[in-house]
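We did not get these values from a lab; they are worked out from the coordinates using the rules stated. This one's a predicted model, so the numbers in the text were calculated from it and none came from an experiment. Glycine gets a Cβ as well: all are built from the backbone with ideal geometry, and neighbour counts include every protein chain shown.
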Amino acid sequence: MSKAITLTRLASGVAVLTIDLPDSKMNLLSSTVLAELADSLTTIERDGAKGVILVSGKEGNFGAGANVEEIQALQSQPSIKIYEAAKMGKVLFARLEKLNSIAAINGTCLGGFTELALACKYRIASSDPKTEIGVPEVLLGFLPGWGGTVRLPLLIGGQAGFKMISTGKAESSYKAWRLGLVDEIVAKDELVERAEQILTGSKVKRYTPGFKEAMMKKFTASALEGTSMGRSLFAKMAGGAVYAATKGKYPAPVEALKVVMLALSGDREKAYEAESVAFAKLASTQVSRNLVNIFRGQSVAKKMEGVQPNIDVKTVGVLGAGVMGAGIAQAAAYKGYEVVLKDIDQAALDKGMETIRGLFKALVDRKKLSQTEMDVMMSGVKPTLNYADLADCELVIEAVVEKMNVKKLVRAECEKAISKPFIFASNTSSLSVGGMTEELKKGDEVVAPASRHPENAVGIHFFNPVHKMQLVEVVRGSTTSEETLATAKAFVAKLGKFPVLTNDAPGFVVNRILAPYMREAIVMAEQGVPIVDIEKAALNFGMLMGPFTLLDEVGLDIAGHVINTLNGAFGDRLSPPPILKVIEEKKLLGRKGGKGIYLYDENNDRKFVMEGKRFSKKKKRFLLNPEITEALSAKNNRKTEGEIQDRLFLAMVAEAALAVQENVIDDPSQLDFAMVYGTGFPPFIGGPLSYADAMGTPLAYQKLLYLSKVAGDNYKPCDLLKEKARTSSPFIS
Ligand SMILES: NC(=O)c1ccc[n+]([C@@H]2O[C@H](COP(=O)([O-])OP(=O)(O)OC[C@H]3O[C@@H](n4cnc5c(N)ncnc54)[C@H](O)[C@@H]3O)[C@@H](O)[C@H]2O)c1
């Protein structure tokens, strides 16, 4: 079996440990790799060396952290085993610390690899823009457990160190150099040469701050971190900031702060011990298991197994230059595709091109793109009103109006205009992808013949706004071939998004499960539960925004359309609440129309008033639209927060279970992943199925049975849930 670590020696007597995990694009730490590292260190300790250079054999990747399957395996062990794993890593890294060692970092350096680098005497990083260094463990619900939570604040100061640990944000090599996290920045081809020079006596060129910055650093180190009073003030401030960011839902930053404080107090051994204990405690929590599961969902979504793409996509046609079409065209151009953007209306086309330009311009303003790059990408988007211009496309994505007849017509026009094999993808939110391949007749006349290649039709369902939403549902229609699915998946992954595979059922996964939740929020408001209470209950559950805020964001017209579609497909259990008629009559659209459930100002921000007597206690109250409140006749039917949360989130659970039962999705953990990425469902809860699993499927079943009697048929637990409850088994094992 080929090895991940190779030990070589330079003429100077310096040893080089090259990390290059076989059959993998990136280096990952696993028990095997750590055992190899231990063996290499034993050889070096036995034979001696002037120094040790740690370097990666991968282009653009020093190391991406620990192997996620191994993390999950560790999490299924008793916490004493997790504690021992943290201790073992520490012992190994301490051996490295005793050597004259240097980490020569090029590319991404994350998690355990950053901890490895921190255990070295020196760190140098390449000037390559892809180089970044970080400790993202909190995003998985634990903390750096191999000494990183202690070494990082001691190296770069408590404030900067805790910020990196508590946010999980990676820093560029330049920022890392300014922070003192790396000693030098070097051209990537000169990393090993320079590392050897440093280990054999050359002086390092550390960042030297200017006078003001140096004074500030000195003050922070002595006054804030160097005295017990200063440290307790720092702990209070940092603790407050953590609470504001996490609302007490994520325990990892809180535990990390305790370890950082111990490290700053000077008791290194005690801090290391506390770190191992905290690591074991945090990694055993349900929150961490959920976060790791969601993280794993990213690679599951992108994984290409078995059948491979059969069409090499270079030019993408986008039909419709509206909200979605413009976003899709920009996303494709950004990743280097040639794009042909087609509409039927010149004004819509111009507006779409303006939107694309605006999206690129925002990237230039945020320094994510140079003006020249933007110009090149913009020149790759060709606006047109003619189908003939689509002739070179290997993939066409339609984002025209949501009408089956129009979708069939544009599909047939594309088949006329493009003579080579191409994929026809629909961005539909609710229509049948398979249905679009069928013929369209007007009387006896065939206006759109059946598809010549129905196997090449697929759904690629983006979410709004395309540039922000990382989730895309790739829909297997009744006629879609596996090769077409693979091509669609590969395209979405190339856009940097996560393709979740679903079958062709109304609302697919995300809208199917989100709509009953939003509908239930409206039903409760119609029953007199104050909107403000419903919003608060959802926020306290951990949602990014309340259901009414979300309704306005999505657009009340679109939400209404989805609810109506689901009602058509699933009948009365998802009947549209009467207020939707009022919303339609009054043409309330939500944020985009300036009026919805809430009122908006000329900048499209929600209007509010400040309430509260004492200045420090004043809070914003967002103004509800009186057209809505007046139409809600029932008033003051207060419910407890728990009751409201059950109504909202068990509506999701019931629908999610049904979607799994109906095989809308093959992998239940991808359903949870889609709900987290597509709707802002709280990652620490993991998704609606994980939520049911955590409360226990027997309890979820009982609660749903009760709600189905008092609140509506939409809660009726399906047979699959009944069976899960009977056998006390979870949806996600
Ligand atoms: N808006 C959303 O939040 C959202 C989210 C996901 C999916 N979708 C789906 O995406 C599709 C488009 O939605 P949208 O919100 O971008 O609509 P939109 O109204 O903003 O844009 C539709 C565009 O299609 C153009 N058009 C109409 N007929 C055409 C034809 N025959 N050929 C070419 N262009 C034509 C119109 O001129 C318009 O510019 C719909 O199927 C919708 O269900 C919308």
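Cβ crowding within 10 Å ranks W146, W177 as W177, W146, fewest other Cβ atoms first.
When the square roots of the Cα gyration tensor eigenvalues are ordered a ≥ b ≥ c, the ratio a/c for the range 5-284 is 1.5 or more and a/b does not exceed b/c, which makes its shape oblate. Taking amide H as placed 1.01 Å from N in the peptide plane, N61 has its amide H under 5 Å from the amide H of T108, each at least 5 places away in sequence or on another chain. Of E482, E273, the sequence from fewest to most neighbouring Cβ atoms within 10 angstrom is E482, E273.
About its Cα centre, what dipole magnitude does the chain give when the only charges are +1 on Lys and Arg Cβ and -1 on Asp and Glu Cβ, stated in debye to the nearest 20?
Working: 92 positive and 83 negative charges, 577 e Å.
That gives the chain a dipole magnitude of about 2780 debye.
About its Cα centre, the dipole of the range 5-284 is roughly 1080 debye, where the only charges are +1 on Lys and Arg Cβ and -1 on Asp and Glu Cβ. Report summary: the helix-based calculation at 222 nm, which adds -39500 (n - 2.57) for every DSSP H run with n ≥ 4 and divides by the residues of the chain, gives -15000 deg cm²/dmol. The aspartates and glutamates within cross-link reach of K442, meaning a Cα-to-Cα straight distance under 17 Å and a gap of 8 or more places when in the same chain, are E413. When you restrict to C-alpha pairs under 8 Å that are six or more residues apart and normalise by the size of the chain, the relative contact order lands at 8 percent.
Between the amide H of V316 and those of E338, V339, V340, distances stay under 5 Å, these residues lying 5 or more places away or on another chain, with hydrogens modeled in the peptide plane.
Rounded to the nearest 20 debye, what is the charge dipole size of the range 315-503 about its Cα centre when +1 sits on each Lys and Arg Cβ and -1 on each Asp and Glu Cβ?
Details: 23 positive and 23 negative charges, 119 e Å.
Dipole magnitude for the range 315-503 comes out near 580 debye.
From most to least packed by mean Cβ count within 10 Å, the peptides 705-713, 314-322, 519-527 give 314-322, 519-527, 705-713.
Going down the list K368/K420; K351/K587; K281/K489; K121/K218; K163/K335, which pairs span over 26 Å between their C-alpha atoms?
Working: K368/K420 36 Å; K351/K587 23 Å; K281/K489 38 Å; K121/K218 23 Å; K163/K335 32 Å.
Among K368/K420; K351/K587; K281/K489; K121/K218; K163/K335, the Cα-Cα distance tops 26 Å for K368/K420; K281/K489; K163/K335.
Checked against a 24 Å cut-off, the cross-linked pairs K169/K497; K81/K703; K236/K617 give Cα-Cα distances beyond that limit for K81/K703.
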